[in-house]
Amino acid sequence: MGDPTGDAMRFETAAIHAGQDPEPVYGSVNVPIYQTSTYVQEEVGTPKVWDYARGGNPTRAAFEAALAALEGGERCFAFASGMAAETTLLLTLRPGDHVLLADDVYGGTYRLLSKVLGPWGLAFDTCDMTDPRTVEAAIRANTRIVWVETPSNPLLKIVDIAAVSSAAHAGGAKVVVDNTFATPAAQRPLALGADVVVHSVTKFIGGHSDLIGGALVTSDADLVEPVAFLVNAVGAVPGPMDCYLALRGLKTLAMRMERHAASAGAIAAFLDSHPKVNQVYYPGLPGHPGHDLAARQMTGFGGVVSFTVGSAVEALKVARRTELFFLAESLGGVESLIEVPGPMTHASVAGSPIEVSPELIRLSVGVEHPDDLIEDLGRALG
Ligand SMILES: *Cc1c(COP(=O)(O)O)cnc(C)c1O
């Protein structure tokens, strides 16, 4: 944070102003919710901007312009969900193309490849991307995309975006970074060499657990046209109300991420010294294997903390006992959440090479007072 973005506007300023000029007729300070499916044309075949709202909507365009500025990319495309963004991007590939995935990629991304786009014709492999040499060795002649997630979900592994981008580009592949956990407030993958950023806008960008959304950001001329075409052809687009909420979320992203990270750091330290906790996964802890890299590549360590307890049964008990941490899937909202990835968010990868331990608990640390959160966890651990 703090460095110039776009037209020399700093991050916090771009979050309020990029793409958000006051509405011209009434001067509304907020971008209105343009709840329309179509637009009047002055002559046959001459729309003002868009002819139909699957192709575009002013509220959506404002959110896209703002997020593009924050990620330092030329174009942003908003979608109805993170999975809709991923699917649309992967449809730029052709049957026979190969995708290399990080080995603890988001369960839904793995399921999209294994159950939907695999049968459709895409080949894919997973590999441990914490060592860029593994990526180099796993790239094939038909590899088109190297799919990175850092920090990863749920183990918070850190991947060197610059090193993996060099390896992928040398092998003729594009690099996609799922930046959902870090957000542009803490990490700018495009500046580190990645070609595309993917977001689940549902999480920290929306930030209030009140919408499902996704986005892609890129400056890659090879991708802008094909993705723009698919946005309209496939139609996995968000409605104007969700775009309004996402834009509203962006305005406070920098401040929320600072608080999420500060509280997550305090909670990780508390858990690290708790006798009932075995292992804590948080890149802000000096003992985390990706700590030094995260300190270089990020400007904050994010709001997600995972940890293991003595048994699967104990993990279920802790998750049921917290009161402030709601037992729920998802992450990135102002309210704290707790979940057990094995049977919950990562159930779709059970039995696969990326299966997670049943003793693992994942926290999404909200913006409540951190002492209340620590006391809640202390009581739940007993
Ligand atoms: C939630 C999530 C997704 C999928 O996004 P949806 O908005 O739920 O479709 C993708 N990647 C990561 C890292 C996520 O946490």
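The values are calculated or read from the model by the stated rules, or taken from the named source; none is laboratory data. If you're wondering where the values come from, they're calculated on a predicted model, not measured in any experiment. Glycine also receives a Cβ, built like all others from the backbone with ideal geometry; neighbour counts cover every protein chain displayed. These area figures cover heavy atoms from the full protein model, side chains too; ligands, DNA and RNA do not enter into them. Shrake-Rupley method; radii C 1.70, N 1.55, O 1.52, S 1.80 Å.
For segment 11-251, the relative contact order comes to 25 percent (Cα pairs under 8 Å, sequence separation of at least 6). Estimated from the Cβ-Cβ distance and a Förster radius of 35 angstrom, the FRET efficiency linking Glu368 and Leu192 is about 0.60. Residues with beta-carbon under 13 Å from that of Ser165, excluding Ser165: net charge, scoring Lys, Arg +1 and Asp, Glu -1? Once all neighbours under 13 Å are counted, the net charge is -2.
With R₀ set to 22 Å, the beta-carbon distance separating Met255 from Ala8 gives a calculated FRET efficiency near 0.55. For segment 224-339, the alpha-carbon coordinates run over 54, 35, 26 Å along the three principal axes, in decreasing order.
Restricting the calculation to Cα atoms, every distinct pair contributes to the Kirkwood radius of the chain, found to be 21.3 Å. Counting only heavy atoms of the protein chains and using a 1.4 Å probe, Arg54 has close to 90 Å² of accessible surface. Of the residues Lys157, Lys317, the one with the largest accessible area comes first in the ranking Lys317, Lys157, computed with a 1.4 Å probe on protein heavy atoms. The mean accessible area for residues of segment 312-369, using a 1.4 Å probe and ignoring ligands and nucleic acids, is 41 Å² per residue. Once the 1.4 Å probe is applied to the protein heavy atoms, segment 88-239 comes out at 32 Å² accessible per residue. For the chain, the fraction of 1.4 Å probe accessible surface lying on carbon and sulfur atoms is 55 percent.
The value of relative contact order for segment 253-381, using C-alpha pairs under 8 Å at least six residues apart, is 27 percent. Report the paramagnetic label zone for Arg296: residues of segment 160-178 whose backbone N is under 16 Å from a point 7 Å from Cα along the Cα-to-Cβ axis. Residues passing the 16 Å test: 160-167. Only DSSP H runs of four or more residues enter the estimate; each adds -39500 (n - 2.57), and after division by the residues of the chain the mean residue ellipticity at 222 nm equals -10000 deg cm²/dmol. Take every pair of alpha-carbon atoms less than 8 Å apart whose residues are at least six positions apart; their mean separation over the length of segment 54-138 yields a relative contact order of 23 percent.
How much length would be gained if the chain were fully extended between His169 and Ala137, taking 0.36 nm per residue of separation minus their Cα-Cα distance, in nm to one decimal?
On the way: separation 32, 0.36 × 32 = 11.52 nm, distance 1.31 nm.
Separation in residues times 0.36 nm, less the Cα-Cα distance, equals 10.2 nm.
Calculated FRET efficiency, Asp125 to Arg321, Cβ-Cβ distance, R0 = 56 Å: about 0.90 to the nearest 0.05.
In this structure Lys203 has an accessible area near 30 Å², from a 1.4 Å probe over the protein heavy atoms. Here the extension length gained between Ala328 and His208 equals 41.8 nm, from 0.36 nm per residue of separation less the Cα-Cα distance.
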